[in-house]
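Let me begin by presenting the structure, written as structure tokens, before commenting on it.
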Amino acid sequence: MRELRYLEAMREGLFEEMRRDSSVIVLGEDVRHSVRGLTKGIIGEFGPARIYDTPISEAAFTGLATGAALAGMRPVVEYQINALLFVAFDQLVDQAQKLRYMMGGQGTIPVTYVITASGARRALAGQHSDHPYPLLLHMGMKTVMPTTPEDAKGLFKAAIREDDPVVVFSPAALLATKGPVPDGDYVTPLGRARVARAGADLTIVAVGPLVPEALAAAETLAQEGISAEVIDPRSLLPLDAETLLASARKTGHVVLFDDSNRTCGFAAELAALFADRAWEALRAPVRRITRADVPVPFSTPLESVVLPSRERLLEACRGCLAGVKA
Amino acid sequence: MGELSRDQLVGFYRTMRTIRRFEQRVVELINRNEIPGAAHEYVGEEAVATGVCHALRPDDVITSTHRGHGHILAKGGDPRRMMAELMGKTAGYNRGRGGSMHIADLELGIFGANGIVGAGAPIACGAAMAARLKGRDGVAVAFFGDGATNQGALLEALNLGAIWKLPVVFVCENNGYAITASIREMSPLQRLADRAAAFGMPGDTVDGMDVRAVHEGARRAVARARSGGGPSFLECRTYRFVGHFTAEKALGIRYRSDEEIEEWRQRDPLVTYPAWLRERQICDPAEVDEAVEAVLEDAVAFARQSPLPAAEEALDGMYATTYPGLPARGW
Ligand SMILES: Cc1ncc(C[n+]2csc(CCOP(=O)(O)OP(=O)(O)O)c2C)c(N)n1
């Protein structure tokens, strides 16, 4: 297989879908010159009728996508940074996400929203480091977060073909990572988790940019004689609960590793899932390593305390297996 | 003013009368607890929706507001299915999921009344863009109030419409108030249509109590949009004779003088316009009234006999494609 970078794979997926379906249009800030790289060269191939550089008007271009979708287009909306979801929030959750239900099932709203650099990088501080997917999940919004180049392309293509609004988070920390990508047309279906590493003693559910960290932690644990299974849900809603639960039932130990805030975060939801449906198999309380509930600070030593880390994951895994309470 | 046929002139009255009587029936039904919740009545503003929507084709699109009954009726909405929706019945436009503030009929180009002030304007821009991309000459109209002109999403939408020359018409229903807030205090402008200049589009102000004036303004703006000339802003000066919503009386708030309300009532389009029709012997408005009464009687009867939705249906219809466990149950 070819090796591609995560962002290149996404870009390839976008171009393929645009060639396949003339109703796909792209809207976003600076998409013609593509500051992020996702849409590099797009205007040359598809022309100005399908590619729109928007003014800095997140509410309006998000709402415009909803109207265009209801009228038969399939818009892809790119947000330059993660926090712009907050600026467009009404149009996302009150309009795009609610309208079909509120209209009694009339119409479809096939919009794909791409957050091309989600989560923290380094030293971008509080307003450029958020990972706000739990807010969308809370509203029932279909949300995916690919972690490999293969899934980045496959899930993005699946999102574009989905007849509902879908948010695609591409973690900033993963955009430059390389990996194998199959040739030809394929999609990674929504609602199926990926077992990133098989194991017998402990289940680590890692989300987004933390998947490579969890795999590295699993290596370390292996040297200590602990066999950790790492699961990458990749589709957060719909969620493949069965794969997660099967792993928990096999290992009896679950540690959640999530790059969103702690309170009402995705890990809180997963903890409840395991308590509800795998209680009898659990041999220790479910643990979660998450972000702290503060804005991500600028200075490196502060930042590393707030963000979830491999060290804390390792501690939690060892503690969970030893039956030590968190 | 363009030449209007007798049918058009009578049609204006039929629509205005239908809206007025629809709203009055709604209040009765709310008072009898046959309609749950509250509604934002359009009484006094009928000439605006009527004049604008009669300038549209069936394949044109509108986005409406929290005060949407009039827009929907004027765009051809079925009073039966509207009434059923207000009662929360299965035969309602939204199968009981929307109610007064969310009635939609995509086939009639009604992209929904909307509970969030100003939110419909970007959606109208999207419908306008889609029409153009599909090579059609469809037009979209965004209705909004004077209060909405201070909302960011609306101002952003005006700009988008203008830079992309979208076939959209922004119709401002200036009834003077946003709930209790007078637009005189909330905007530095005397004429809200002056906002249009900031977006490089024509801004027209018309008498919103005169259906022919509204229609003439709308016809111009729609023709401009349809022929590729881009968006316009149409301010219609109007007034609501009643409270912001049906529950206002119970709140005991006062923000308008009786004299002011009385002054505007002198210009009630449901009095002045039928008088004008009678004077010119265009028709006998009483005949229209009778026909409207029958339609509404039938609508109420239809809504009453439609069943309430089965409780198990509550999770249906959110997604076009569902998955196991989606949507999540609450129990
Ligand atoms: C964004 C937003 N802010 C506040 C409200 C509460 N609200 C509902 S209607 C309304 C007044 C709207 O005034 P206007 O746009 O002039 O329309 P009118 O009610 O006069 O028809 C307000 C403040 C809301 N629904 N949405």
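Per-structure values
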{"read-out": "Within the stretch A:40-139, trypsin sites (Lys or Arg not before Pro) in DSSP loop having at most 12 other beta-carbon neighbours inside 10 Å", "value": "A:Arg122"}
{"read-out": "Rounded to the nearest 20 debye, dipole of the protein assembly as shown from Cβ charges on Lys, Arg, Asp, Glu", "value": "1020"}
{"read-out": "Relative packing of B:67-80, A:129-142, B:43-56, which averages over residues the other C-beta atoms within 10 Å, highest first", "value": "B:43-56, B:67-80, A:129-142"}
{"read-out": "Förster radius 30 Å - calculated FRET efficiency between B:Ala286 and B:Ala250, Cβ distance, rounded to 0.05", "value": "0.30"}
{"read-out": "Inter-chain shielding of A:52-62 (mean C-beta neighbours from other protein chains, 10 Å cut-off)", "value": "6"}
{"read-out": "Share antiparallel - DSSP beta bridges, chain B, percent rounded to 5", "value": "15"}
{"read-out": "Table column - 3J(HN,Hα) (Hz), the stretch A:23-37, Karplus curve with 6.51, -1.76, 1.60, x for Gly and Pro", "value": "7, 7, 10, 10, 10, x, 7, 6, 6, 5, 8, 6, 4, 8, x"}
{"read-out": "Averaged over B:153-165, number of beta-carbon atoms from partner chains that fall within 10 Å", "value": "5"}
{"read-out": "Computed helical MRE - 222 nm, chain A, DSSP H runs ≥ 4 contributing -39500 (n - 2.57), nearest 500", "value": "-10500 deg cm²/dmol"}
{"read-out": "Net charge over other residues, Cβ less than 15 angstrom from the Cβ of A:Leu282 (K, R count +1; D, E count -1)", "value": "+3"}
{"read-out": "Label-zone membership for the stretch A:113-130, site A:Ser299, 7 angstrom Cα→C-beta point, backbone N under 18 Å", "value": "A:122-127"}
{"read-out": "When each of B:Lys75/B:Lys249; A:Lys98/A:Lys142; A:Lys153/A:Lys178; A:Lys40/A:Lys178; A:Lys40/A:Lys157; B:Lys134/B:Lys165 is checked by Cα-Cα distance, pairs over 20 Å", "value": "B:Lys75/B:Lys249"}
{"read-out": "Loop GluC sites (Glu not before Pro), the stretch B:189-282, which have at most 13 other Cβ atoms in a 10 Å radius of their Cβ (DSSP)", "value": "none"}
{"read-out": "Considering only the protein assembly as shown, percent of DSSP beta bridges that pair antiparallel, nearest 5", "value": "20"}
{"read-out": "Pairwise FRET efficiency - A:Glu242 versus A:His33, Cβ, R0 = 56 Å, nearest 0.05", "value": "0.80"}
{"read-out": "Residue order, fewest to most beta carbons within 10 Å, for A:Asp94, A:Asp293, B:Asp146", "value": "A:Asp293, A:Asp94, B:Asp146"}
{"read-out": "Cβ-placed point charges (K, R +1; D, E -1), dipole of the stretch B:39-113 about Cα centre in debye, nearest 20", "value": "280"}
{"read-out": "Where labels lie 7 Å past Cα in the beta-carbon direction, separation of A:Gln127 and B:Ser182 in nm", "value": "3.7"}
{"read-out": "Helix-only [θ]222 nm of chain B, DSSP H runs n ≥ 4, -39500 (n - 2.57) each, per residue, nearest 500", "value": "-13000 deg cm²/dmol"}
{"read-out": "Dipole magnitude (debye, nearest 20) for the stretch A:24-146, charges at Cβ of Lys, Arg, Asp, Glu", "value": "300"}
{"read-out": "Cβ neighbours within 10 Å from other chains - mean over B:112-123", "value": "6"}
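Every number in this text was worked out from the coordinates using simple rules, so none of it is lab data. All values derive from a computational prediction rather than experimental measurement. Ideal geometry is used to build each Cβ from the backbone, glycine not excepted, and the neighbour counts take in all protein chains shown.
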